[in-house]
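Q: Mind looking over this structure? Questions follow.
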Amino acid sequence: MENIIQGLPDSPIVTFTILILVSLTIPPIFEKLKLPGLVGLLVAGVLLGTNGFQLLNPNSETMKLFADIGKIYLMFVAGLEIDLEEFRRTKDRSLGFGFATFTIPLLTGTSIGLIFGFGLNASILIGSLLASHTLLGYPIVNRLGVVKNEAVTVTIGATIFTDIAALLVLAICISVYGGEFSLTTLIIQLGALALYSLIVLVGLDWAGKEYFRRTGDEEGNQFLFILLAVFLASVGAQVINIDKIVGAFLTGLAVNDVLGHSPVEEKVEFVGSTLFIPFFFIHMGLLIDVPAFVSSLTTELPLTLAIVAGLLGSKFLAAFVAKLLYKYNWYEALTMWSLSLPQVAATLAAALVGVDAGLLSQAVFNSVIVLMLVTSILGSVLTARVARELTIPKPELEPQTDEWRLTIEAFEPLHSHRERSQFTVLVPIYNPLSQRYLIEMAALLARHESGIIVPLSITQAHVHMDEPQLDVALEHSDRLLERAIEVAKEFKVEAKPKVRIDDDVAEGISRAAREQKANLIVMGWSDAATSLRARLFGSLVDNVFWSSHCPVAMVKLFDEPINIRRILVPVKNITPQAIRTVRFAQLLADTNQAKIALLHVCDRRTSPEQIAQFESEISDVLAQGGPQVSARIKTVAYDNVPKVIVRAAQSFDLVVLRSTRRRTAGGLAVSDITTEMIKQLTCSIVLFGEPHT
């Protein structure tokens, strides 16, 4: 083994290959062991570093470059994933809790530093490490359906305050440590920092919106613009003598509104969470000196215990203060505590900056690693236990309210078309094998609504319109459309076929849908939609979902639509998006006198009262709108959601799933439960998605 290691060339390519291999294989193994994937990356870094197989050198220029990029990317994504809309909605209470959960740990950490003999500057920096938090528990509260609970939204909003304040303290401490301290230099530094923050937050927001407006759908250039903004802001931060991670985080906040939930945002986050952020955590593992780490857990054990206990106690005290001020119950207070416990992104990045600057000792760094392990595990476990007891806000379903009108507005054409234009279903066709089933489904929906279908064939554009290949493609399109007209006649539905020559298929579909005033797009399924390439560059359906003005149904049929008699609709939470998916299923069922079943998979510990409340609310949804079809509601308490849905689907002809965009969890992994289910389902599938707006 040693000979093989020595035989490896000392090349950046070897380093890069090892990093990719570790990032691909290690996190899934640790997640199966119910441990965070980032713990696996840290362990891998230890094993591959100077205390292990010595395959990676933490001091090499290649490793330093990857680590710096990963650190910048981590803080950028941390700023990007903060929901500014939720912050604006509860900004007063978010700022109040943010101030408490920042100030109390800051004072606690500062006191710990002073007690253990650190200077005032270093002690304040230790306090700032405890003051921020990482929302590792967000996927858990999202899965439990309690994100709209005020205590949760307040905690999420508080992240903005704590992270910015902690990074500002870091910038000031490093600046003071690097030069002669005086009131004048401090004022100058704070002024430069304020001016820099204003330029980044306002300037990049304006520049981003302007650039995106001018470039339209040029996602490649928009992706590069975002990367340039991140690293330009990081360089600017270093120019005014503050750390680059401050600039990266502020950039994330600045372009938050610019990106929204666009495909460009997904690409930016995907590249970071797949490559550079894991590289950063591996580098963190490389920096862990195992003998010193063991020593710090023995000789420096009091410091480690004090930091961990100080963090747990101070965060709990902050949550208790919020409970008293805002009249929250104990479950809400404990949820706020558990969500604010994990110390990962800002804490680790800031600790590394402090160590590199010489302001923090190796013992503090090792204690921070222990703190990260304890809080990331404890915070996730506590969140899963207490958040399920939160009260789920009941949506207002009265037809006369503004909220109800907003809920049905985007799907209004599917149930009130007679008051508007003629109901139109656009059907892009390109595969003769699946064409008939697609046209049949579109025809059933159009016939039910007394509408029409528009079969659409997209032909790839050429530079010269007299190219022979273009003539062949157009002839092929004509043949496809002729068959579509024949199928439409069988169902006595009018068909208005269209041929479009376009450079981009997705844009051609969405533009034609807009031109034809389509109310719905019915598309054929593509296995490429869940491939790695689609995750990185976006699939055709992703791009149509993003750019279309109307709902999109991606269909994978194993039988003729007229034979569909049993439809399964998994429902996670009662949201406007979920209600519109149910409405679509009701419409589809009514075209063929089919029956639908709504399946709700909840946590094992969900109380009977909560289950009864959910079933009552979903019954109200069925009763207050949409075609009245035979429907039943089934609730299953089980932790593995895809397994339950796949097993239940064996008794149905069709499953209607709501398309949800993939999001990063903690900046490390991409979660896509829908993809997992689709691979296992053996019945027909409709993936129903809505336009971005």
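FYI, it's all coordinate maths here, none of it is from the lab. Model, not experiment: these values are computed from the prediction. We place every Cβ from the backbone using ideal geometry, glycine too, and count neighbours over all the protein chains shown.
Q: Taking Cα pairs under 8 Å and at least six residues apart, what relative contact order does region 542-623 come out at, in percent? Intermediate results must be reported in sequence, preceding the final value.
A: Working: 51 pairs, mean separation 25.0, N = 82.
Rounded, it is 30 percent for region 542-623.
Q: Here is a follow-up. Extending each Cα 7 Å along its Cβ direction at THR298 and ALA637, get the distance between those two points in nm, one decimal.
A: Rounded to a tenth, the inter-label distance reads 4.8 nm.
Q: Which length gain, in nm to one decimal place, applies between GLU494 and GLU61 when the Cα-Cα distance is subtracted from 0.36 nm times their residue separation?
A: Values: separation 433, 0.36 × 433 = 155.88 nm, distance 6.64 nm.
Value of the extension gain: 149.2 nm.
Q: Let me ask something additional. Of the listed peptides 423-429, 314-320, 470-476, what is their order by residue-averaged count of other C-beta atoms within 10 Å, with the highest listed first? Please list the in-between numbers first.
A: Values: 423-429: 25.7, 314-320: 22.9, 470-476: 13.7.
By packing density, highest mean first, the sequence is 423-429, 314-320, 470-476.
Q: Another question, if that's okay. Beyond a 27 Å Cα-Cα separation, which of these cross-linked pairs lie in this structure: LYS498/LYS572; LYS492/LYS556; LYS572/LYS679? Show your work: numbers first, answer last.
A: On the way: LYS498/LYS572 38 Å; LYS492/LYS556 24 Å; LYS572/LYS679 20 Å.
Over 27 Å Cα-Cα: LYS498/LYS572.
Q: When you count, for each residue, the other Cβ atoms within 10 Å and take the mean per peptide, how do 604-611, 331-338, 637-644 rank with the highest first? The partial results should precede the final answer.
A: Values: 604-611: 13.0, 331-338: 24.8, 637-644: 15.2.
Averaged packing, sorted descending, gives the order 331-338, 637-644, 604-611.
Q: Below 17 Å, Cα to Cα, which lysines can LYS595 reach? Residues fewer than 8 away in the same chain don't count.
A: Cross-link targets: LYS634.
Q: Quickly rank 14-22, 363-371 as a protection proxy: mean count of other C-beta atoms within 10 Å, highest first. Don't skip to the answer; put the middle values down first.
A: On the way: 14-22: 16.9, 363-371: 23.2.
Descending packing order for the listed peptides: 363-371, 14-22.
Q: Under a cut-off of 23 Å between alpha-carbon atoms, report the lysines in cross-link reach of LYS64, not counting same-chain residues fewer than 8 places apart.
A: LYS244
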